[in-house]
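What follows draws every value from the coordinates through simple rules; no lab data is involved. Computed from a predicted model, the values in this text were never measured in an experiment. Methodologically, a virtual Cβ is constructed for each residue, glycine included, from the backbone with ideal geometry; neighbour enumeration extends over all protein chains shown.
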Amino acid sequence: MADVSHLLSAINSGDSLASEQLLTLVYDDLRRLATNRLSHEAPGQTLQPTALVHEAYLRLVGTQDVHWESRAHFFAAAAEAMRRILVEHARSKHRLKRGGGVARLPLEEAELLAPEPREDVLALDEALTELAATDRAAADLVQLRYFAGLSISDAAHVLGVSQRTAERLWTFARAWLREKVQGAGWDDNPS
């Protein structure tokens, strides 16, 4: 079986079979990333890791204008795709026609109406967008750590910076986001 870089090159050349081979090769890694990311979501999340992987993958290989430079580039794009899907899913759940964010409960549990503490993906997305305007590298690092579940050293490799630089960016980004997303459930420990 071909390696990821070779398959990405074949996809860039228009080989439709390469995208199927790529999914087989990266599926376990993408599923692990999706499972990790969804573990940080609110209880009662209806989006499953398999669905998140498939939706993200379709967005990644369905884009005609993207040319993958490397495996790291592909996984960074996968993290971005998962983030966008989770944000869209959160927005959809909060629309009035979908119940306006009201959680469905089985009748047996209706008496237990204490709200669950939950992470606000929308607030985090807004804060990340604002952070990206201030410091793009810090925002990219948060995205790789938080949405893709990468370690500091793996994220540093993807970003092409030293581990020490990544650690400084992570310290800055955590403090910055903690200030911006107070009370919205920001958990600065992604793993």
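Using Cβ point charges alone (K and R +1, D and E -1), the dipole size of segment 4-70 about the Cα centre works out to roughly 200 debye. Spin-label pair His54-Thr165: with each label point 7 Å from Cα along the Cα-Cβ axis, the two points sit 4.0 nm from one another. As a proxy for reagent exposure, Thr171, Thr46, Thr35 were ordered by neighbouring Cβ count within 10 angstrom, fewest first; the result is Thr46, Thr171, Thr35.
Taking label points 7 Å from Cα along the Cα-to-Cβ direction, Ser151 and Ala133 give a separation of 3.6 nm.
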